[in-house]
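Visitor: First, the structure itself, so that you have it in front of you.
The values are calculated or read from the model by the stated rules, or taken from the named source; none is laboratory data. As the structure is a computational prediction, the values presented were derived from the model and not from experiment. Please note: Cβ atoms are built from the backbone with ideal geometry, for glycine as well, and neighbour counts cover all protein chains shown. Heads up: the accessible areas ignore ligands, DNA and RNA and are worked out on the full protein's heavy atoms, side chains in. Shrake-Rupley method; radii C 1.70, N 1.55, O 1.52, S 1.80 Å.
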Amino acid sequence: MTPDTLFDRVLEIQSSYPGASGRLSTLIDRIGIAAKVTSNDLNRSRMADTMNQTEGVNPSGELSKWLDNKASDNFKKALASTGLCCALISEEEDGVHIVPGNEDGQYVVAYDPLDGSSNIDINVTVGSIFAIWTRVTKAGKPTDEDILRTGRDLVAAGYVMYGPSTVLVYACEGSIDAFTLDPAIGVWYMSQPDIKIPGRGNTISVNTARGHLWMPYVRQFYDWLHTEEYSGVGKKASGRHVGSLIADVHRTMVRGGVHMYPAGEDYPNGKIRLMYEAAPLAWMLERAGGKAVTGTGEDILDKQPSQVHDRCPIILGSAYEVDKFEEFRLAWEKENEAFS
Ligand code: FBP
């Protein structure tokens with residue numbers, strides 16, 4: 001029987017792991033609380049006049065809104081209060097927050113508390129993204145070995161979409177499920193169990209205004225997406241780009257297609273953050289049957305961060321489209337190898 005709620009599902013997953021401690025279940029339950037508070041903050045921001053309040057810049061020099069920092073606090077308080085996390089990494093905070101008194105905690109959690117916040121004033125879907133690792137060292141103050149982790153090592157990940165409804169998508173080793181919040185009673189109800197991405201789609205999602213900055217093979221792939229070889233004779237693909245990462249990735253996850261933020265002269269390492277955006281989303285997509293590459297010869301899940309706010313280019317979505325992208329990249333590299 002399909003579990004009704006997030007908590008039922010998390011308990012069901014927990015029961016399938018003999019000897020499970022229930023700690024991960026507690027983490028997810030608290031993330032659900034942080035997401036509910038953030039959803040309420042967003043819904044009320046126009047009336048409370050907090051929507052456009054700014055508060056300086058974040059560690060990456062990007063404008064920080066009051067809502068960005070409030071969302072970050074929501075997640076920090078919820079996660080720190082579990083006593084289970086030794087280290088927290090937020091897009092809104094410099095460096096790593098070693099949780100006082102929890103240095104022996106077994107989890108490291110990285111999160112983008114409010115992605116796409118530049119879209120809030122036009123009421124576009126925004127999101128939160130989280131990534132959960134278990135530490136490598138056994139106890140004591142966490143080290144870089146515990147903190148600078150690849151997506152390959154993730155034990156759980158998820159995102160929250162604050163849109164027409166608030167939806168939390170949670171992935172652990174075995175599954176990826178979506179839960180919709182009933183704000184009247186604060187319960188996350190199972191709305192899309194066991195999400196699988198279609199093997200191919202017909203939707204193209206990328207900010208084309210950066211097209212002149214892409215590598216040639218990115219352009220060649222993009223142009224191919226506009227041919228009947230991709231869309232089918234007599235058919236055409238659809239361009240769908242929100243410019244809010246979670247909206248674009250969730251649509252791609254559910255309907256198939258490709259979403260890209262390629263490297264370019266403006267963002268030589270891409271714009272999307274590795275540890276708390278690209279890696280968790282890539283991990284979820286691979287569990288849903290999709291693929292996620294950097295566009296420069298690596299799977300996103302294999303990319304090793306050198307510091308917690310590293311960026312990463314992303315080419316992600318259905319296997320068909322991502323494999324085709326890689327064909328264009330490899331052909332271009334082979335052709336240019338001859339000249340290098
Ligand atoms: P913010 O969180 O600062 O808004 O930036 C993240 C983001 O908005 C993503 O959600 C989105 O995919 C990307 O930037 C769009 O970037 P660009 O405006 O350069 O296309």
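Visitor: Applying the selection to region 2-21, what residues are touching a helix residue (DSSP H, G or I) at 6+ places or on another chain (Cβ under 9 Å), touching a residue at least 24 places away in the same chain (Cβ under 8 Å), part of a loop (DSSP other than H, G, I, E, B) and open to solvent by 50 Å² or more (accessible area, probe 1.4 Å)?
Guide: Residue satisfying the conditions is Thr2 alone.
Visitor: Then there is this: Just the residues that are more than 16 Å from the ligand (Cβ to nearest atom), open to solvent by less than 80 Å² (accessible area, probe 1.4 Å), outside any helix (DSSP H, G or I) and closer than 20 Å to Phe328 by Cβ, please, taken from region 218-246.
Guide: Leu225, Thr227, Gly232, Ala237
Visitor: Collect the residues in region 305-339 that are small (Gly, Ala, Ser) and either open to solvent by 10 Å² or more (accessible area, probe 1.4 Å) or free of Cβ contacts under 8 Å to residues at least 12 places away in the same chain (or both), keeping them in residue-number order.
Guide: Ser306, Ala319, Ala331, Ala338
Visitor: Would you be able to say whether some residue in region 251-264 is of a type in the set (A, V, I, L, M, F, W, C) and surrounded by fewer than 24 Cβ atoms within 10 Å (Cβ to Cβ)?
Guide: Checked against the condition, which is being of a type in the set (A, V, I, L, M, F, W, C) and surrounded by fewer than 24 Cβ atoms within 10 Å (Cβ to Cβ), region 251-264 yields at least one hit.
Visitor: Additional query: State whether the residues of region 68-79 include one that is touching a residue at least 60 places away in the same chain (Cβ under 8 Å), of a type in the set (Asp, Glu) and open to solvent by 20 Å² or more (accessible area, probe 1.4 Å).
Guide: No, because not a single residue in region 68-79 is touching a residue at least 60 places away in the same chain (Cβ under 8 Å), of a type in the set (Asp, Glu) and open to solvent by 20 Å² or more (accessible area, probe 1.4 Å).
Visitor: Scan region 167-195 residue by residue and report those that are open to solvent by less than 40 Å² (accessible area, probe 1.4 Å) and part of a loop (DSSP other than H, G, I, E, B).
Guide: Passing the criteria: Ser175, Gly186, Ile195.
Visitor: Kindly evaluate Ile120 against the criterion of being within 16 Å of the ligand (Cβ to nearest atom), open to solvent by less than 30 Å² (accessible area, probe 1.4 Å) and over 28 Å from Ser306 (Cβ atoms).
Guide: In short, yes.
Visitor: Out of everything in region 196-217 that is in a helix (DSSP H, G or I) and open to solvent by 20 Å² or more (accessible area, probe 1.4 Å), what residue ends up being farthest from the ligand (Cβ to nearest atom)?
Guide: Pro216
Visitor: Test Arg30 against the criterion of being in a loop (DSSP other than H, G, I, E, B) and of a type in the set (Lys, Arg), and give yes or no.
Guide: For Arg30, the condition - in a loop (DSSP other than H, G, I, E, B) and of a type in the set (Lys, Arg) - is not met.
Visitor: Can you name the residue in region 22-41 that is open to solvent by less than 40 Å² (accessible area, probe 1.4 Å) and within 19 Å of the chain's Cα centre (by Cα) and, of all such residues, is nearest to Cys172 (Cα to Cα)?
Guide: Among those residues, the one meeting the criterion is Ile28.
Visitor: If you don't mind, another one. List every residue pair whose Cβ atoms lie under 7 Å apart, where the two residues are 6 or more positions apart in sequence or sit on different chains, the first residue falls within region 27-52 and is free of Cβ contacts under 8 Å to residues at least 40 places away in the same chain, and the second residue, located anywhere, is of a type outside the set (S, T, N, Q).
Guide: Note: pairs meeting the criteria are Asp29/Phe7; Asp29/Val10; Asp41/Leu67; Asp41/Lys70; Asp41/Ala71; Thr50/Trp66; Thr50/Leu67.
Visitor: So Trp133 clears everything in (1) more than 12 Å from the ligand (Cβ to nearest atom); (2) surrounded by fewer than 15 Cβ atoms within 10 Å (Cβ to Cβ) except one condition, right? Which one?
Guide: Result: Trp133 fails condition (2) only.
Visitor: Which residues, counting only those in region 87-117, are of a type in the set (Val, Ile, Thr) and either in contact (Cβ under 8 Å) with a residue 60 or more places away in the chain or open to solvent by 30 Å² or more (accessible area, probe 1.4 Å) (or both)?
Guide: Within region 87-117, Ile89, Val96, Ile98, Val109 qualify.
Visitor: Exactly one of these conditions fails for Phe130: (1) within 21 Å of Asn43 (Cβ to Cβ); (2) assigned to a helix (DSSP H, G or I); (3) among the hydrophobic types (A, V, I, L, M, F, W, C). Give me its number.
Guide: (2)
Visitor: Restricting to region 29-58, what's the tally of residues that are touching a strand residue (DSSP E or B) at 6+ places or on another chain (Cβ under 7 Å) and at pLDDT 90 or above?
Guide: Here the count works out to 7.
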